[in-house]
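Novice: Provided herewith is a single structure, encoded as structure tokens, for subsequent inquiry.
The values are calculated or read from the model by the stated rules, or taken from the named source; none is laboratory data. These numbers were taken from a predicted model, which means no experiment stands behind them. All Cβ positions, glycine included, derive from the backbone under ideal geometry; neighbour counts span all protein chains shown. Accessible surface is based on the protein model in full, side chains and every heavy atom, while ligands, DNA and RNA are left aside. Shrake-Rupley method; radii C 1.70, N 1.55, O 1.52, S 1.80 Å.
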Amino acid sequence: MITREKGEKNTLKLNVKISAEVWAQALEVAYEATKGKFNIQGFRKGKAPRKVIEKEYGDTIFYDEAFERVVSKEYNDFLNANEDVNPVDYPHVTVNKITADGVEATLVVELMPEIKLGKYEGLTIEKKVEKVTAEQVNAEANRLVNAHARFVESDKEAAMGDYATIDFVGSVDGVEFEGGKAEDYRLELGSHSFIDNFEEQICGMKVNDKKDIKVRFPEQYPAKELAGKEAVFAIEVKKVEKKEVAELTDKFISDTTEFESLAEYKKDVKAKLTKDAEKRAERAAEDELVRTIVDSSEIELPNSMVEHEIDHIVEDLRRKLSYQQITLEQYLEFIKVSMKEFRDQRRDEAVRSLKTTLVLKEIVKENNLEVTKEDYDNRLEEFATRSGKTVDEFDKEISDYERAYINNDILMTKLFNMLKEKNTIK
């Protein structure tokens, strides 16, 4: 049985009382669930009677297991019966009494914070659209030219921007190290693919030239055995390829695009860049609208909630770094920041993220926004069409996580459409 009373500062105090009869049943369940763990002389594993185990290990041997089971059940039953209670985390448990006659405990539950929404109607947000410049248009045209560039073998000296095909053998203190050797390696000079000053020293070399170059590995290099060490690479240049870029003319444009002239191409580029600038400005204005609403809302976040959000940020970074075969610990060492310092640096980000999420959810709730079956089916049909599958085929292949994502995306689209209707972005 659980009785409730108001706790301190956004907490709820739950008083739990378990009768002797319910406690006895819980102890028997705990025995059945854990008896296989005990080795008792004279009995096969898992076959020793409860009394024998209690005599060997003490009368309270099953108390922890029984307590966790029975109190968890009472707490879950309470939450199911009291939908107004929204805990932030698992409750803090204090055992007041635990004997053969029953159990008394206190659970302190930290509740989701109350939200006092600020003004979210009648706001005016300025949309700042960046003007597309001639330099930006020319940069796009130059990218097109470079995308169609040819690399031609040359007997001239290698320079930045060229490709050099090389053999190399690296050594530290005269001893070759693992991963420091390759043949016919095609290296773009200036790409910074190798450590500092490696590519620069190849510049000036010609085909068949051989040379020893010296470099120093960074102090925070991931391979600890090489960090901070001076290394010598024996280099042989096998091929030098010079970049040949076509002249940006009407003929080049007509040969490589659907346009007949450079002027026509640049006009199209400017139109696309302008459209992209409009989209960026629209997104920025929407972000500013949300920031304005969140900043005007009142919400006091429990510390445990913030800490959990920081946990998510840390684990997300750990996952991203793993794709680059770098551990989080190596990364923190490289940037010379402790885990505590890193978490402290991410606190404002976590608070902002939580406040934004909670405020948007409250607006959704206040305006009774929801995803209908028709909404979901229409969006599912869009995705299915893009993937070239029927709706039924697509629906069978996606996970529950993906379904939740689709539902949330629909809901957020409805929310932002409503906010843009109720406010002015100009």
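Novice: Which one is nearest to the chain's Cα centre (by Cα), of the residues in the stretch 1-42 that are aliphatic (A, V, I, L, M) and in a loop (DSSP other than H, G, I, E, B)?
Specialist: Filtering the stretch 1-42 for residues that are aliphatic (A, V, I, L, M) and in a loop (DSSP other than H, G, I, E, B), the one nearest to the chain's Cα centre (by Cα) comes out as M1.
Conditions (1) open to solvent by 50 Å² or more (accessible area, probe 1.4 Å); (2) within 18 Å of the chain's Cα centre (by Cα); (3) touching a residue at least 60 places away in the same chain (Cβ under 8 Å), marked per residue:
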| position | (1), (2), (3) |
| --- | --- |
| I293 | no, no, yes |
| E300 | yes, no, yes |
| M305 | no, yes, yes |
| H308 | yes, yes, yes |
| D311 | yes, yes, no |
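Novice: Restricting to the stretch 381-405, and then to whatever is among the charged types (D, E, K, R) and under 19 Å from V371 (Cα atoms), can you tell me which residue is surrounded by the most Cβ atoms within 10 Å (Cβ to Cβ)?
Specialist: So the residue we want is D395.
Here is a yes/no grid of residues against (1) touching a helix residue (DSSP H, G or I) at 6+ places or on another chain (Cβ under 8 Å); (2) aromatic (F, W, Y):
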residue	(1), (2)
E56	no, no
F67	yes, yes
E74	no, no
E83	no, no
I98	yes, no
L111	no, no
T124	no, no
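Novice: I would also like to ask the following. Restrict the check to the stretch 125-132 and report whether at least one residue is closer than 26 Å to L358 by Cα and among the aliphatic types (A, V, I, L, M).
Specialist: Yes, the conditions are met somewhere in the stretch 125-132.
Novice: Can you list residue pairs whose Cβ atoms sit under 9 Å apart, with the first residue in the stretch 243-262 being modelled with pLDDT under 95 and the second being open to solvent by 50 Å² or more (accessible area, probe 1.4 Å) and among the basic types (K, R)? Count only pairs 6 or more apart in sequence or on different chains.
Specialist: Hits for this filter: K243/R150; E244/R150; V245/R150; A246/R150.
Novice: Tell me the strands (runs of 3 or more DSSP E) entirely within the stretch 135-212 that contain at least 1 residues that are in contact (Cβ under 8 Å) with a residue 60 or more places away in the chain.
Specialist: Of the strands (runs of 3 or more DSSP E) lying wholly inside the stretch 135-212, those with at least 1 residues that are in contact (Cβ under 8 Å) with a residue 60 or more places away in the chain span 150-153, 163-172.
So that you can scan it fast, the table gives a plain yes or no per residue for (1) at pLDDT 95 or above; (2) closer than 30 Å to P302 by Cα; (3) open to solvent by less than 40 Å² (accessible area, probe 1.4 Å):
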| position | (1), (2), (3) |
| --- | --- |
| K35 | no, no, no |
| I40 | no, no, yes |
| G58 | no, no, yes |
| E74 | no, yes, no |
| D77 | no, yes, no |
| T99 | no, no, no |
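Novice: Here's something else I'd like to know. Go through the stretch 322-337 and count every residue that is open to solvent by less than 60 Å² (accessible area, probe 1.4 Å) and part of a loop (DSSP other than H, G, I, E, B).
Specialist: The qualifying residues number 2.
Novice: Exactly one of these conditions fails for R352: (1) in a helix (DSSP H, G or I); (2) among the charged types (D, E, K, R); (3) farther than 30 Å from I125 by Cβ; (4) open to solvent by 60 Å² or more (accessible area, probe 1.4 Å). Give me its number.
Specialist: Going through the list (1) in a helix (DSSP H, G or I); (2) among the charged types (D, E, K, R); (3) farther than 30 Å from I125 by Cβ; (4) open to solvent by 60 Å² or more (accessible area, probe 1.4 Å), R352 breaks only (3).
Novice: Which numbered condition in (1) surrounded by 12 or more Cβ atoms within 10 Å (Cβ to Cβ); (2) in contact with a helix residue (DSSP H, G or I) (Cβ under 8 Å, 6 or more places away or on another chain); (3) modelled with pLDDT under 95 is the only one that H192 fails?
Specialist: Failed condition: (1).
Novice: Test D344 against the stated conditions and say whether it is without any contact (Cβ under 8 Å) to a residue 60 or more places away in the chain and under 26 Å from the mean Cα position of the chain (by Cα).
Specialist: It is true that D344 is without any contact (Cβ under 8 Å) to a residue 60 or more places away in the chain and under 26 Å from the mean Cα position of the chain (by Cα).
Novice: Mind telling me which of the residues R386, R403, R347 ends up being at pLDDT 95 or above and out of contact with any strand residue (DSSP E or B) (no Cβ under 9 Å at 6 or more places or on another chain)?
Specialist: None of the others qualify; the one that does is R347.
Novice: Taking only the stretch 388-426 into account, find how many residues are part of a helix (DSSP H, G or I), over 28 Å from the mean Cα position of the chain (by Cα) and free of Cβ contacts under 8 Å to residues at least 40 places away in the same chain.
Specialist: Residues meeting the conditions: 4.
Novice: Every residue in the stretch 155-179 that is buried (at least 17 other Cβ atoms within 10 Å of the Cβ) and closer than 15 Å to E236 by Cβ, please.
Specialist: Selection gives A158, A164, T165, I166, F168, G170.
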